[in-house]
Amino acid sequence: MKNTQLLTFNAIGDERGWLTALQTGSEIPFDVKRVYFIYGTQPGIDRGFHAHADLEQVAVCVAGSCHFVLDNGFERKTVVLNSPQQGLYMGPMIWREMTQFSTDCVLVVLASKLYDPDDYIRDLTEFVALAQGAQQ
Ligand code: T46
């Protein structure tokens, strides 16, 4: 799906365990301006249900697992995140719904911009109209 990509990260391991490093310009295709964590999501709770007009993000599930349901206004797909060596890139105009959180899920999200509530599109009908209109 355009504007989404499943990224694979290198893991450096030795007898002490594993280390994965994410750097702007190599693993992360934008300048990172903000990092936030999502954790303690209870069973049966879903999050997201919005798109961003102008934000790029990479989500990494560093513990546990969760599902991202992605929608570009034309089609939907589900991506399962369950490894600290994988990151989900989401560019602008991708609707996301996060579901199926395991109780131990810790989601780290790297973002290209500072927090801006005005960048959120929270109505699915409005999002689909905008996304489909942009393709015409
Ligand atoms: C996204 C998905 C993957 C802040 O104050 N600063 C921040 O940087 C963020 C991200 C959130 N907040 C506040 C806003 C709300 O009062 O934290 C509260 C929970 O945020 P929200 O309901 O937007 O959380 P999610 O899990 O639905 O969505 C978040 C991100 O907001 C969103 O950009 O793509 O994770």
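The values are calculated or read from the model by the stated rules, or taken from the named source; none is laboratory data. Note that the structure is a prediction, hence the values are computed from the model and not measured. Glycine gets a Cβ as well: all are built from the backbone with ideal geometry, and neighbour counts include every protein chain shown.
In the stretch 95-109, the residue that is nearest to the ligand (Cβ to nearest atom) out of those that are over 16 Å from Asp71 (Cβ atoms) and touching an Asp or Glu at 6+ places or on another chain (Cβ under 9 Å) is Phe101.
Of the listed requirements (1) surrounded by 13 or more Cβ atoms within 10 Å (Cβ to Cβ); (2) assigned to a loop (DSSP other than H, G, I, E, B); (3) near the ligand (Cβ under 10 Å from one of its atoms), Tyr115 misses just one: (1).
Leu81 meets all of the listed conditions (1) under 21 Å from Leu19 (Cα atoms); (2) of a type outside the set (Val, Ile, Thr); (3) within 12 Å of the ligand (Cβ to nearest atom); (4) free of Cβ contacts under 8 Å to residues at least 24 places away in the same chain but one, namely (4).
Cβ separations smaller than 8 Å between residues 6+ apart or across chains give the following pairs from the stretch 36-50 residues that are on the phi < 0 side of the Ramachandran plot and in contact (Cβ under 8 Å) with a residue 24 or more places away in the chain to residues that are charged (D, E, K, R) and assigned to a loop (DSSP other than H, G, I, E, B): His50/Arg122.
Scanning the stretch 49-71 for residues that are within 12 Å of the ligand (Cβ to nearest atom) and either among the small types (Gly, Ala, Ser) or modelled with pLDDT under 95 (or both) turns up Ala51, Ala53, Ala59.
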